[in-house]
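K.L.:
Provided herewith is a single structure, encoded as C-alpha cells, for subsequent inquiry.
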Amino acid sequence: MQYITNVMIKLKVHKASELEKNAKCTVHTSGKLGFSEGGAKKFGLTQDLFVVIATNEEDETDPNLYAWVEKTVENGGFKVCKAGEYFYLNTKALFDKLELDYRNKELVNIYDIVAMDYEGKAIFKLLKRSQRRTIKTKNKTVGSDD
C-alpha cells in the first residue's frame, strides 16, 4: 500500500447549526401559504410586514413565483399572519386565480426559496415542485417521496 506524504491540507468544519435551514413554503389545502422556519427566517417575516407575490409575465409556462417583503400594503402585498411560531399568508384567492390545485389530496405544492436580483432589487424566487402528500396513520407514514 502506498501512502501520500507531505500534502498540506486545512480542514474546515461546516457546522449544521450554522447552515441555512430548509427554506421553503408550502401551499396548504386551505390555500394558505405556510413558511418553514428557514423560509420565514430567509424572508425576515414579522407580523407587521406584507409579502408581494408576482408571476412571470414574459413566460406564462413559468410555474415559479417571485416575492419580496414590504412594510406597507401599498403594492398589493399579503399580510403576514402568525399562529404560534408559524408564519403564513392568506393566499387562497391568488391560488384560485392562478388555478393552482391546492385541494388535491394526493399532491402538495412546495416552493423552495432562493434569493435573486431583479432590476437591482433583492427578491426571492419561489421554485415550484410537487410531491406526493404524506398521510400519517396510527402505525405508519404513507406516500412520502421526500
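K.L.:
Could you name the lysines in cross-link range of LYS10, using Cα to Cα under 17 Å and dropping any fewer than eight places away on the same chain?
P.N.:
none
K.L.:
Ranking SER30, SER130, SER36, SER17 by Cβ neighbours within 10 Å, fewest first, what do you get?
P.N.:
SER17, SER30, SER130, SER36
K.L.:
For LYS24, which aspartates and glutamates qualify as cross-link partners when the Cα separation must be under 15 Å and same-chain residues fewer than eight apart are set aside?
P.N.:
GLU37, ASP112, ASP146
Only the coordinates and a few stated rules stand behind these numbers; no lab work does. Small disclaimer: the values here were computed from a predicted structure and weren't measured. Virtual Cβ from ideal backbone geometry, glycine too; neighbours counted across all protein chains shown.
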